[in-house]
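Structure record follows, encoded as structure tokens.
No value in this document is a laboratory result; all are computed from the given coordinates. Keep in mind that this is a model prediction, so the values were computed, not measured. Positions of Cβ are backbone-derived with ideal geometry, glycine not excepted, and every protein chain shown enters the neighbour counts.
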Amino acid sequence: MRDFHMPGRSGVFAMNGICATSSPIAAQAAVAILEDGGNAMDAAITAAVLLGLCEPSSTGIGGDMFALIRPAGGEKITGFNASGRAPAALDAARLRDAGESAIPLRSAHAVTVPGAIDGFCRLAEDWGRKGLAACLAPSIRYAEEGVPVGPRTAFDWKKNAATLQGDGAKHYLDNGAPYALGAVFRAPGQAEILRRVAEQGRAGFYEGEVMEDMVDSLRALGGLHTAEDFAATAADYVNPVSATYRGYELVELPPNGQGVTALLIANILSHFDVASLDPFGAERAHLEAEATKLAYEARDRFVADPAHALTDRMLSTETAKRLAALIDMNRAAPTPPPAAAAVHKDTVYLTTADKDGMVVSMIYSIFHAFGSGLASKKFGVNFQNRGAGFVLTDGHPNELRGGKRPLHTIIPAMIRKDGKLFASYGVMGGQYQSTGHMRVLSNIADFGMDPQEALDAPRAFADPYDGKLHIERGYFPEARAELEKRGHVLLTPDAPIGGAQMIRLHENGVYEGASDPRKDGCAIGC
């Protein structure tokens, strides 16, 4: 339990339903649909789509989505992959011949076909209770009336406004300037799209005028996207993968997401007595950094489109044992070559639960801040740049090819204990997410923290892109000095490391929600 003399927030306890998101507006909308007879899936879809308006630098209808679902009345967890694919006509050889060594982040070639809307439509039909139109109604209203810009959203908007270009700048800047704290952001084009999706389902997005607006806009920017690429978009149900750490089973989605990286870190750390270390000391931060370096180097060799990923190598306990043996507790190892996926920190995560026991863990993103920085001309669909997750290396499992899904950084998670669901959670923050999943689990399993304490705790991250140990101001000077002594190059980033949401399930049926103070959001129960 936290010290009530100190600043902080308490967990939120509820029995009839709960939602934890990075926006109070989205959390409240989710709880409202629960109170109106909806279930956890209705609440998740409601909150997710609305977050695209509350945090447009982080997500939107031009992005992708993943989910884990624990149904009411059962313990089997179902995985769901609603990530899009590269246009059929695009491949790595074309870009190599043009002199590129990586996919240009802010180009049409980085734009994979959006998968999220197809996913929301599918989940609403398969799992929802209220219907898609009811789930989209709050977003339609807010897109028309406007959403007030919160503190963290304003911070991100100002920091990343320069990435917006062309129609992206037209739709997502306020007379050429970033939306400021307390300003009202409106998106009438998105309201019209969502009305069509509410009436027509996925056809309202992947066919007709909305699809034509996206395809025409992308082709005008040099893209190779076609109507057939959009028509072929389809989400998939997948079987989750897991690893056990200190009696807790961490459940993740298989590739093309990086959830297997979190599992590899868990398996590496299981060879060390983490619980004996100071939770906020240099030794734990060092160990976590070294495990991260090794696991992410493996990720960038093995994680790719599901048909090409070498998943067994990431899940192998023998792989973890050999990697653990490479860790020198007294000295930082050199950082491996830059990761295949470019660094970014923009995603939204949410989790919901209802009175019947359905729990949803959902993550939704456009990759970098404002994605590619591009948008469709008429409706203002914010195009993701997930294609930047591919590599151009000939023969690599994650090589760019038409119709493939790229390596994805966004991952939802759940935790089981003694065969029963213990928690639903996710940690935003791009590359950090795999490390963040394990960090939060370790905070609970090794140090007995409650959910809110586990999210509040300071973070450090051995970034595979710049080779530095990113460290939050929550670490004391003594820990920083010891980390530098061991060879780490420290960097205190402008923004905090990631953000997170969690729902813990107590045995008596009570839900406990936690929300990361690094974001604007909260947990709300009913």
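The table below lists the values:
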| item | result |
| --- | --- |
| Whole-Å semi-axes of the range 243-369's equivalent ellipsoid (Cα gyration tensor) | 25, 20, 16 |
| Ordering of 138-149, 39-50, 460-471 by packing [mean C-beta count within 10 Å, highest first] | 39-50, 460-471, 138-149 |
| Span-like helix ranges in the chain, DSSP H, alpha carbon extent 15 angstrom or more, Kyte mean at least 1.0 | 24-35, 40-54, 259-269 |
| Values of log10 I(q)/I(0), in the order q = 0.05, 0.11 Å⁻¹, for the chain under a Debye, Cα-only, solvent-free model | -0.17, -0.88 |
| Given charges at beta-carbon only (K, R positive; D, E negative), |dipole| of the range 435-491 in Debye | 220 debye |
| The range 368-526, dipole about Cα centre (Lys/Arg Cβ +1, Asp/Glu Cβ -1), debye to the nearest 20 | 700 debye |
| Counting DSSP beta bridges with both ends in the range 384-494, the antiparallel % (nearest 5) | 75 percent |
| Net charge of Cβ neighbours under 13 Å - reference P151; Lys, Arg +1; Asp, Glu -1 | +2 |
| Within the range 234-319, trypsin sites (Lys or Arg not before Pro) in DSSP loop having at most 16 other beta-carbon neighbours inside 10 Å | R246 |
| Given charges at Cβ of Lys, Arg, Asp, Glu: the chain dipole, positive-most of M362, G201, G63 | G63 |
| 28 Å Cα-Cα threshold exceeded, pairs from K321/K468; K485/K519; K404/K468; K159/K404 | K485/K519; K404/K468; K159/K404 |
| The range 6-73 and the range 448-526: distance between their alpha carbon centers, rounded to Å | 21 Å |
| Three-way shape call for the range 1-77 based on the alpha-carbon gyration tensor, with the a/c threshold at 1.5 | oblate |
| DSSP beta bridge pairing in the chain, given as percent antiparallel to the nearest 5 | 95 percent |
| Radius of gyration, Dmax [the range 128-250; alpha carbons; angstrom] | 18.8, 54 |
| Reachable lysines, given that their alpha-carbon falls under 23 Å from the alpha-carbon of K420 and they are not under 8 places away in the same chain | K76, K355 |
| Simple label model, 7 Å out from Cα along Cβ direction - A177 to K159, nm | 2.1 nm |
| Percentage of interatomic Cα-Cα distances in the range 408-520 larger than 19 Å | 48 percent |
| Only Lys, Arg (+1) and Asp, Glu (-1) charged, at Cβ; the chain dipole about Cα centre in debye | 380 debye |
| Sparse-neighbour loop sites [trypsin sites (Lys or Arg not before Pro); the range 69-123; at most 15 other C-beta within 10 Å; DSSP] | K76 |
| Amide N proximity, the range 159-185 versus D216 label position 7 Å along Cα-to-Cβ, cut-off under 13 Å | none |
| As computed over the range 459-526, the Cα convex hull volume per residue (Å³) | 131 Å³ |
| Most to least packed among 187-200, 402-415 [average Cβ atoms within 10 Å] | 402-415, 187-200 |
| For the range 113-179, the fraction of alpha-carbon pairs in successive 10 Å shells from zero, as % | 18, 32, 34, 17, 0 |
| Farthest toward positive dipole pole in the range 10-88 [+1 Lys/Arg, -1 Asp/Glu at C-beta], among G74, A20, L34 | G74 |
| Rg over Rh [alpha-carbon atoms, Kirkwood Rh] for the range 5-160 | 1.05 |
| A325 versus F280: modelled label distance in nm, points set 7 Å from Cα along the beta carbon direction | 3.7 nm |
| The range 235-265 residues near the modelled D312 label - backbone nitrogen below 16 Å, point 7 Å along Cα→Cβ | 255 |
| Leading residue at positive end of dipole, the range 97-162 (Cβ point charges), from A102, T112, A162 | A162 |
| Approximate spin-label separation D494-M6, in nm, with each point projected 7 Å along Cα-to-Cβ | 2.9 nm |
| Sequence of T311, T492, T292 once ranked by neighbouring C-beta atoms within 10 Å, starting from the fewest | T492, T311, T292 |
